[in-house]
Amino acid sequence: MTRILSVWFPDWPITAWTRRTTCLSGDGHDPLALPPPRGEGGSANRRRNETGGASGDRGSTSNASLHPAPLREPVPPHEGKGGRRPLALLTTEAGVRRLYAVDAAARAVGLFAGQKATDAAALVPELRAEEADPPADVQALEAVSDWCVRYSPAVAVDGVDGLFLDITGVSHLWGGEAAMADDLLARLATNGIPARAAVADTAGAAWALARFGGEGRVIADPGGQAPRLAPLPITALRLDEVSAAQLPRLGLTRIERLLGLPRAQLTRRFGPMVLRRLDQALGRAEEALTFRRPPTPWFDRLTFAEPISVLDDLVRAAGDITERLCRRLQVEGRGARRFELTFHRLDGKAFPTQAGLSLAGRDARVLTRLFAPKLEMIDPGFGIEVVTLSAGGVERLSAAQGSLDSSRAALAEEEVAALVDRLANRLGESAVWRAETFESHVPERAVHPASAVGPARPDGWDPDKPRPIRLFPHPEAIAAVAELPDEPPVAFTWRGRRHRVKRAEGPERIAEEWWRKPIDKVGPAFVRDYYRVEDDTGARFWLFRAGLYGDPETPPRWWLHGVFA
Amino acid sequence: MPGSRQARLTALKGQVAALEAGTRTPTSVLPFGDPRVDDCLPGGGLPLGRWHELASAGMEIETGAVAAGFAAMLARSMAGQGAVIWVMRRDDLYAPGLAGLGLSASRLIQVKTPDEVQTLMALEDALGSAGVAAVIGEVEDVDLTAGRRLQLACERHGATGLVIRRRPWGGTGRKPDTGSAAATRWRVSAAPSDPVGEPGLGPPRWRAALERSRGGRPGEWIFEGRQEADHDAHPLRVVSGLADHGLDAANDLPVRRRA
């Protein structure tokens, strides 16, 4: 049974604006501060990591957050007066200035979103008008959703002012759904974020209850959302504007009225959306949520009564939590390839660190060793209060291999894979590779990097065509003297040293792959004639001539492309 | 009690010998299959589970091609025992060329490092891993401490290290060779090939001078690469022994003392 927690932030643009402009000014005013909504520090970090790592489905948001807003923006001068002037955020719509959002005070004096700014100013002269910044609001919402990962690994952004958390099977970590929702709301409240929360079996029901179920939090028992939904207005069904406007006109103001009507007629009259939303709310139809990271049951968390900050403690915490998750993997006969260890700081910033394995594994000792060097980079600030670890790429793994039944070769293979992981974690994924044959006769393209572990393809290079042991990424120009047009040079000068050619082999003609190049990049000038030459000391070189003798447009030039052993 | 004193002395000498050997396991060797070379090496062959230094001269210090070829030939016969790992700062190593020398790319893991320190760290890590037969590293310099660490890593699982002294492009040379913890030190340069009557180039040849060898004596030879088809023989065949040089150096006192 799925359990969804829906969080709604009423007047989110106002909240986000307030936090953007004021909450950053008082440090220490709240130790449980959320990440400042504008992608700053930690959250920008997380987003960068995420696009490269686990989810990868939302690369678009990362750019904006790379340019963090200054940590402390100046407080607007009229802020300090303490007077609660009505506040409205403005936006320009089709050339008309309109109210984008209003706060409670403004709503109390009769202003509403969508009103013309001039009308509003005429009605309420003391109205304080500020510019709305919807993209920043979205960013702020995403920052909050990242922060919510401490509650559940599956968090989805819901529209422009809400979140969905899939809390199936995680609420016990908090001592129940109610305690979890309370903790969430309390922490948000201390940060000046008013919110409402509801837990239900479906996203639709949770959404409706959070917005229309009353103040605070609402928990619908498993399977018990229908009676709770019945008295709610039909706008609680997340309907499109047309239906939402038309249904009440027909007297269908509450959800319970809809329940009794014949489905076929409803569909004919209002389209399939109304019924679909109703079914989704009641759990009769599936609804897919776009989680900001793939939900994984392979998730664990450690909470500390006293925040930790010493490196040794971080290492120990990493070891403990890895041990716990690995034991679960062990019990269920599985191993994972990717692990993300996240340190949640007191001030809400999260520091994710990743470790990858090239063979699925669950050896806590190995993992801890992979994480250990990355922990030094973590800035504990005032302390770390929560550590979470999630595993990705989980797959079946045979039981731990004993020394008796496993062959030595398999054991050696595993040891090499562990070495590759250590090196790749320290030097980067692309720094450890195995060369693989690529079907191309152009020397630069004949090699492709492949995974360093796993079964390897046999070499496919032509053994009759000798190749140098060092191939320069860019051929180096040399001054060469050749006696006859199609002969190898008798002498050449490379890096200021003259070499007399004693023996030579060739030519081996290699043309550009014309199907890969624009038409002006192929032709006789780009055909290379390779020679293998040996100088009088025995040093062997790979030279080529590009261009043709006798053609004034493409005079031949000599290049040195590699050195033989 | 002269008898017991003698016995105690023998026992002490045994202890000292054991201490000097350190944690070293009795090393196996890889014989070249030619007495001219094997006689100069302790145990009758290239010691495995140790690390060896390959130096070169001239432009070769920068390209490192000849030494790389020599190292590949030595590693070829070890590749059957486990993985071969090549750690380098410049990835101009060309796998088809290595395959041409008989070191298959499917057995070779390449590692690119950003700097000297990381190279040494990766070398040490690889040498100390089970399942690794040989590790080839391209470094500028190995000082005594680093050399000792490499040696300890070698001893853990018996991997053999081949360290190519290679200078980054355009860099100025470091200080000249001082002491080193390497088991052997070779100076490798190219030697003219001999195509025996055929046009073109013959099989690659190396002129290799064994400058230092713990427990052995120096010498100098010209090797020729064998085709991969000769599985049993050592990949390197001695073409000519420059014996006079070797004998001279063998009488060189400082060398013997170090040995």
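Bear in mind these aren't lab numbers, they're just calculated from the coordinates by the rules spelled out. If you're wondering where the values come from, they're calculated on a predicted model, not measured in any experiment. Cβ placement follows ideal geometry from the backbone for every residue including glycine, while neighbour counts extend to all protein chains displayed.
Of note:
- In units of the compact-protein estimate 2.2 N^0.38 Å, segment B:40-87 shows a Cα radius of gyration of 1.29.
- Entries of A:K374/B:K112; A:K349/B:K112; A:K349/A:K374 with Cα pairs more than 24 Å apart: A:K349/B:K112
- Residues with amide H under 5 Å from that of B:W86, placed H, sequence gap 5 or more: B:I109, B:Q110, B:V111, B:I136
- Each Cα pair of segment A:207-262 feeds into the Kirkwood radius, which the Stokes-Einstein equation turns, at 4 °C and 1.567 mPa s, into a diffusion coefficient of 109 µm²/s.
- A:R85/A:D182 FRET efficiency (R0 22 Å; Cβ-Cβ; nearest 0.05): 0.10
- For A:G392, the residues whose modelled amide H falls within less than 5 Å of its own, excluding neighbours fewer than 5 places apart on the same chain, are A:R337, A:R338, A:F339, A:E340.
- Distance between modelled label sites at B:Q6 and A:Q330, nm, 7 Å Cα→Cβ extension: 5.8 nm
- Förster-model FRET efficiency, 51 Å R0, A:M377 and B:R214, C-beta, rounded to 0.05: 0.75
- Candidates per GluC sites (Glu not before Pro) in segment A:459-511, loop by DSSP, up to 10 other Cβ within 10 Å: A:E483
- Over segment A:470-563, the Kirkwood radius and the radius of gyration, each from Cα atoms, give a ratio Rg/Rh of 0.98.
- The residue list B:G69, B:A209, B:Q151 was ranked by how far each Cα lies along the charge dipole of segment B:26-237 toward its positive end, using unit charges on Cβ atoms, and B:Q151 comes out on top.
- Applying a DSSP loop filter and a limit of 14 other Cβ atoms within 10 Å to the GluC sites (Glu not before Pro) in segment A:198-258 leaves A:E215.
- Computed over every Cα-Cα pair of segment B:45-198 and binned at 5 Å starting from 0, the pair-distance distribution P(r) comes out as 2, 10, 20, 23, 22, 13, 6, 2, 1, 0, 0 percent.
- A cut-off of 5 Å between modelled amide H atoms, ignoring neighbours fewer than 5 places along the same chain, links A:T353 with A:L341, A:T342, A:F343.
- Segment A:E323-A:A491, extension gain: residue separation times 0.36 nm, minus the distance between their alpha carbons: 53.9 nm
- Between B:S28 and B:L242, the simple spin-label model (points 7 angstrom out along Cα→Cβ) gives 3.3 nm.
- Cα-Cα pairs of segment A:94-176 separated by more than 23 Å (percent): 46 percent
- Label-zone membership for segment B:139-153, site B:E116, 7 angstrom Cα→C-beta point, backbone N under 11 Å: B:139-143
- In segment A:279-379, trypsin sites (Lys or Arg not before Pro) in a DSSP loop with at most 14 other beta-carbon atoms within 10 Å: A:R284
- Summarised in one figure, the compactness ratio Rg/Rh of segment A:87-126, Cα atoms and Kirkwood Rh, is 0.93.
- The stretch between A:T253 and A:E444 holds 61.7 nm of extra length on full extension. This uses 0.36 nm per residue minus the Cα-Cα distance.
- What the Cβ-Cβ distance of A:T554 and A:K502 gives, at R0 = 35 Å and to the nearest 0.05, is a FRET efficiency of 0.75.
- Rg/Rh ratio calculated on Cα atoms of segment A:299-396 (Kirkwood radius): 0.97
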